[in-house]
Each structure stands twice: as C-alpha cells, then as structure tokens.
Amino acid sequence: MTYPLPPTLCFLDLDNVLADFAWAAYERFVPGQHPPYADQIWEMWRACGVDESGFWRDMDEEFWHNLPRTHEFDAIVDHVTKLFGVTNVFIVSSPCRTHGCITGKASWVEYHLPQFSRRVIFTNRKEILAGPGRLLIDDHDSNIEKWEAMGGCGLLVPRPWNKSKETRRDVTDIILPALNFLFEIRPPSPSPSSPYQTQLEQRHGKIDWSSPATETPAELLASDDPSPIPQEG
C-alpha cells in the first residue's frame, strides 16, 4: 500500500502515546517495582498481579486527569503541529467503562493540550475515522491494522506490548523521521548518524533520499527479521 500524497489530518492516541498510562498503572499496583521492559504486556493487570475488573475499578476521574506526560509528548505534539497545523490534529482515545474516565481524559487534554481540547474523540472503534489522507499515531497493533484496512495511514509507536517492541530505541528516533518521510522531507544525503536511515538501509539496501517517497514508513520498517536494531536507546 502506498500513499502518493501526504496525509492532511492527524489523529493522536492518548494513552501511552501522549499520556503515560502504563507508568501510572504500574505505580498504582506495584509502586517502585515496575516490570522490566520485556515483561510489560498489553494486559497490564496480569503484570500487576490483579484481575481485569480489579485493575480498572478505581481508575476514576482523578486518576486519568493526573496521568504524567510520556517522554515523547513534546516532540510528537510539536512535530505534528508543524506538519499538519493545529486545527488538523485530533485526539482519539478509547475509554474504559470506569466512571470518570471520559471526563478525566478530557480534563487532561484541556490542561496539557488546550489547543486540541475541542477536537477530542472518544471511541473504541477508531477505524471508523480512517480513510485516505488520515494518519493515526497509536501504540496498539490492532488499532493500526484496522485503520490501514480502512484506507488510512498508521504509525505504530514502539512499546513493549506491540510488534515494534524489539526496536527499543528512543521513540522519537522512529516516529519523527517517519512523519518527515510521509511528507517527503528527506535529508540531502544518507547520514550514518541517523538511526532511522541506518535502520532502513540495513533492511532495504541503499535508498535514494532525494527521490519522492513511494513507500510508507510502515512498509519500509516492516521486516521478517525479528532481531533488534543496534544502538538501543
């Protein structure tokens, strides 16, 4: 699948892309004893040693409002704002059934991202918003797969619970250059110091960085080789 034109609308996932839900959840159930990277899974209640209902039960409005920012928050927000324009960026988040979740997330956005506070969408079916020219940045494999099946473009944020977990480098080394690639913002020549360029050329051979993009970052980064890329962050 190729995208001949850069996307015009950007949809940003909230939890574990902008708001560090995983850190807050582990801190609530196993304070100071977060599981190591390799043991972190999507079903976080298992890693916390509680059942699913008990995991979500007390995550009230205060919990969601007080989530810390992810390390990549500033870089991702600044970059998508520059590329898309503030009015073309939306926050899309899947709410849990716990009372106060939606209001807590909405107040989090109002506090941390007031420029986007009128463009917040809550749904557990993000793919209904997908289509040509629409980009989703998310940390859940299934959300990206469904989004792309509906004709949208997806960027998977590397996290220990998704298929990009072996990357294990600074997320901004992957996401920001991938965004540039979508917009055909290419460096004038390959640079060995660029982890993103090095990763692509290790897997796909020499790339003419001056030519227009014909493949998406997701296609270029896809590989049957599960081994991690050097220079871990």
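Values as computed for the structure displayed
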| quantity | calculated |
| --- | --- |
| Local electrostatic count at residue 23 - Lys and Arg +1, Asp and Glu -1, tallied over other residues with Cβ under 14 Å | -2 |
| Candidates per GluC sites (Glu not before Pro) in the stretch 36-102, loop by DSSP, up to 11 other Cβ within 10 Å | 43 |
| DSSP bridge pairs, the stretch 1-138: antiparallel proportion in percent, nearest 5 | 10 percent |
| Contour excess over end-to-end distance, with Cα ends at residue 99 and residue 46 and 0.36 nm allotted per residue | 16.9 nm |
| Order of 97, 69, 57 - criterion: other Cβ atoms within 10 Å of each residue's Cβ, fewest first | 97, 57, 69 |
| Counted charge near residue 90, where neighbours are those whose Cβ lies closer than 13 Å (Asp, Glu -1; Lys, Arg +1) | +2 |
| Radius 14 Å from Cβ of residue 117, net charge of other residues (Lys, Arg +1; Asp, Glu -1) | +2 |
| Residue 78-residue 125 pseudo-label distance in nm [points 7 Å out on the Cα-to-Cβ vector] | 3.9 nm |
| Packing-based exposure ordering (other Cβ within 10 Å, fewest first) of 20, 74, 138 | 74, 20, 138 |
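The numbers here are math on the coordinates, done by the rules we state, and not lab data. Note that this is a predicted model, so its numbers are computed, not measured. Neighbour counts run over all protein chains shown; Cβ positions are idealised from the backbone, glycine included.
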